[in-house]
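> Okay, here's the structure, questions in a sec.
The values are calculated or read from the model by the stated rules, or taken from the named source; none is laboratory data. Fair warning: this is a prediction, and the values are worked out from it, not measured in the lab. No Cβ is skipped: glycine too gets one built from the backbone with ideal geometry, and neighbour counts run over all protein chains shown.
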Amino acid sequence: MPNRTAIGPCLCLCFLIFSSCGDLQYRTHQPQGYGEIPPGETWVAIDRAYQSVSREIVYYDPKTIYRHEERVTLWQLIDYKVMQGNAPFGTFMMSPHRFFSTKTHKELDCTHKTVRLLASSEFSQHMGTGPHNAVLVSQDHGQPLEPGSINQALWEVACGAATTPK
């Protein structure tokens with residue numbers, strides 16, 4: 001006589017495996033719009049030396065640069081060539097958290113060369129379009145700039161005119 005207590009968990013495991021193969025309608029390929037600036041937007045790509053164009057293009061919005069003493073705030077947009085985030089996990093599980101672009105609000109300290117994240121959102125479509133999810137941001141004192149990083153490029157844009165030559 002077969003063990004009936006083992007059949008139930010086996011059936012549940014089989015159901016879970018077959019149902020978690022992902023939603024077939026979910027788009028994982030690159031849709032049109034990668035790197036295309038929406039009408040009315042003023043995103044400017046950062047210096048090509050800091051870019052990884054095969055993976056992403058990083059922009060800043062010059063209209064959002066605000067200077068107050070040694071601190072500068074601005075908005076940054078990263079447009080990913082390939083969708084980012086967690087993979088789909090079945091139609092009966094929680095919906096997948098996937099995105100093609102992010103917008104972040106950053107504060108740069110021109111004197112101390114630090115960067116602090118103020119706000120961030122992930123967007124389902126390219127160039128900060130489509131439905132979005134806000135990202136939890138911890139309020140800290142910022143991190144030092146890493147040479148050759150995207151934050152270094154943003155510092156050069158935001159603080160270049162704000163600092164005085166030595």
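> Within segment 50-61, count every residue that is in contact (Cβ under 8 Å) with a residue 60 or more places away in the chain and either farther than 22 Å from residue 100 by Cα or part of a strand (DSSP E or B) (or both).
2
> Could you run through segment 129-152 and say how many residues are farther than 23 Å from residue 111 by Cβ and touching a residue at least 60 places away in the same chain (Cβ under 8 Å)?
Within segment 129-152, residues that are farther than 23 Å from residue 111 by Cβ and touching a residue at least 60 places away in the same chain (Cβ under 8 Å) number 1.
> Take the residues in segment 101-114 that are in contact with an Asp or Glu (Cβ under 7 Å, 6 or more places away or on another chain) and closer than 30 Å to residue 130 by Cβ; name whichever of them is surrounded by the most Cβ atoms within 10 Å (Cβ to Cβ). Even if it seems obvious, please write down each step before you answer.
Initially, segment 101-114 is screened for residues in contact with an Asp or Glu (Cβ under 7 Å, 6 or more places away or on another chain), giving 101-102, 109-111.
With closer than 30 Å to residue 130 by Cβ added as a condition, the list becomes 101-102.
Working: 101: 25, 102: 21.
Looking at the filtered set, the residue picked out is 101.
> Same structure, new question: Considering only residues that are touching a helix residue (DSSP H, G or I) at 6+ places or on another chain (Cβ under 6 Å) and more than 24 Å from residue 55 (Cβ to Cβ), which ones fall in segment 105-139? Give the steps one after another, and end with the answer.
Our first condition is that a residue be touching a helix residue (DSSP H, G or I) at 6+ places or on another chain (Cβ under 6 Å); within segment 105-139, this holds for 108, 110, 115.
Listed by number, the list holds a single entry, 110.
> Of the residues 84, 76, only one is modelled with pLDDT of 85 or more, part of a strand (DSSP E or B), among the polar types (S, T, N, Q) and within 21 Å of residue 130 (Cβ to Cβ); which?
76
> I need the strands (runs of 3 or more DSSP E) fully contained in segment 92-156, keeping only those with at least 1 residues that are in contact with a His (Cβ under 7 Å, 6 or more places away or on another chain) and acidic (Asp, Glu).
It comes to 114-123.
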